[in-house]
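A short write-up of the structure that comes next.
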Amino acid sequence: MFMGEYQHSVDEKGRMIIPAKFREALGPSFVVTRGLDNCLFVYPMQEWTVLEGKLKSLPLMKSDARAFTRFFFSGATECELDKQGRVNLPNTLVEYAKLKKECVVLGVSNRVEIWSKDLWESYFQQSEDSFNEIAEKLVDFNFDL
């Protein structure tokens, strides 16, 4: 399980250090793809395989299902860490997530998320303001803290 928030940076070549606590769980290779809310999702291969199966089961005749599957798979790339614990992010993903120098790496249960620091701070502020309302809505999903 991934959890925690870490401040890192992306260099001009798209390389960024993955937090040491995440490296072993990600394994020797992992998948990075476009995520929701303009962040990147990073999945260990085992989790990617589960997600891939779910996406393949979506009905091909539904345009929303085709669009979502295209969005996810077209942005996906298999990555490995270098000897310094860095991942080299493709330029298309760096641009999608608006990654500049400073970024935030989050552990979110079965995946890692990579955010532009500015986008994360804005998202966090908006979510923090409505956290209680969001928690109340989760009760509909049989969720209790």
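The values are calculated or read from the model by the stated rules, or taken from the named source; none is laboratory data. None of these values were measured; they are calculated from a predicted model. Virtual Cβ from ideal backbone geometry, glycine too; neighbours counted across all protein chains shown. When the accessible area is computed, the model is the full protein with side chains, heavy atoms only, and any ligands, DNA or RNA have been set aside. Shrake-Rupley method; radii C 1.70, N 1.55, O 1.52, S 1.80 Å.
Summary table
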{"read-out": "Lysines with Cα under 17 Å of residue 54, excluding same-chain neighbours fewer than 8 positions away", "value": "62"}
{"read-out": "Environment charge of residue 32, counting only residues whose C-beta is closer than 13 Å and scoring Lys/Arg +1, Asp/Glu -1", "value": "0"}
{"read-out": "Out-of-range pairs (alpha-carbon distance over 25 Å; input 21/101; 117/137; 13/56; 21/83; 13/83; 21/100)", "value": "117/137; 13/56"}
{"read-out": "Cα convex hull volume per residue for the chain (Å³)", "value": "130"}
{"read-out": "Length-normalised contact order for the chain - Cα pairs under 8 Å, 6+ apart - percent", "value": "35"}
{"read-out": "The chain - charge dipole about Cα centre, Lys and Arg +1 at Cβ, Asp and Glu -1, debye rounded to 20", "value": "680"}
{"read-out": "Neighbour count of at most 15 Cβ within 10 Å plus DSSP loop: longest GluC sites (Glu not before Pro)-free window in the chain", "value": "13-79"}
{"read-out": "Surface share of carbon and sulfur [accessible, 1.4 angstrom probe, percent] for the chain", "value": "53"}
{"read-out": "Cross-link partners of residue 98 among aspartates and glutamates (Cα-Cα below 18 Å; sequence separation of 8 or more within a chain)", "value": "11, 12, 37, 113, 118, 121"}
{"read-out": "Accessible solvent surface per residue of the range 1-106, calculated while the other protein chains remain in place, 1.4 angstrom probe, Å²", "value": "61"}
